[in-house]
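First up is the structure itself, then whatever we jot down about it.
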Amino acid sequence: MVRLPVNHRTGTGVTENLALKNYNRALRKTLRLVELLKSCDYRTLAIGDGGNDVRMIQQADIGVGISGREGLQAARAADYSIGSDFSFFSGVSGTSLFNSISLMAYNVFYTSIPVLTVVLDKDLSEKTVMQNPQILLYCQAGR
């Protein structure tokens, strides 16, 4: 078993330090990109959903924060704030119209009908066809 060195001052290991460095590097790149676009007289729009996006949202000309799982930090720092879903505007909700038992019964019933027709299919006896000749004419017509 290999033990990675731990920084005793911060209590983090090597992998955590690398992850934090990469995260901070990516955050600085997005901030530099916003600054670069603003310096070229472009309008910038930043959309974020968490606390890590607050600086980017504040740096942009127009900031949109999405309130959701990661909290409300981005929504509070933004010029405009929206919820995590658009159910209020579209009228669509994430809930099912039917309960799960009804859906299961529907699926089982309608998928079993074709199987049952094949399993329960029987040929007519010669006696039945001779007693009802219209059956023969019906079958010969291809109906």
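Here are some notes:
- The range 54-91 - residue that is of a type in the set (Asp, Glu) and modelled with pLDDT under 85 and, of those, surrounded by the fewest Cβ atoms within 10 Å (Cβ to Cβ): Asp85
- Among the residues making up the range 22-52, those that are open to solvent by less than 50 Å² (accessible area, probe 1.4 Å) and within 16 Å of Gly83 (Cβ to Cβ) are Gly48, Gly50.
- Exactly one residue out of Ile47, Ile101 is in a helix (DSSP H, G or I) and either assigned by the TED database to the domain that holds Arg32 or at pLDDT 80 or above (or both): that is Ile101.
- Filtering the range 104-132 to residues that are outside any helix (DSSP H, G or I), open to solvent by 70 Å² or more (accessible area, probe 1.4 Å) and either of a type in the set (D, E, K, R) or at pLDDT 85 or above (or both) leaves Asp121, Lys122, Asp123.
The values are calculated or read from the model by the stated rules, or taken from the named source; none is laboratory data. These numbers come from a predicted model, not from an experiment. All Cβ positions, even for glycine, are placed from backbone atoms using ideal geometry, and neighbour counts span all protein chains on display. Note: accessible area is taken over every heavy atom of the protein model, side chains too, but ligands, DNA and RNA are not part of it. Shrake-Rupley method; radii C 1.70, N 1.55, O 1.52, S 1.80 Å.
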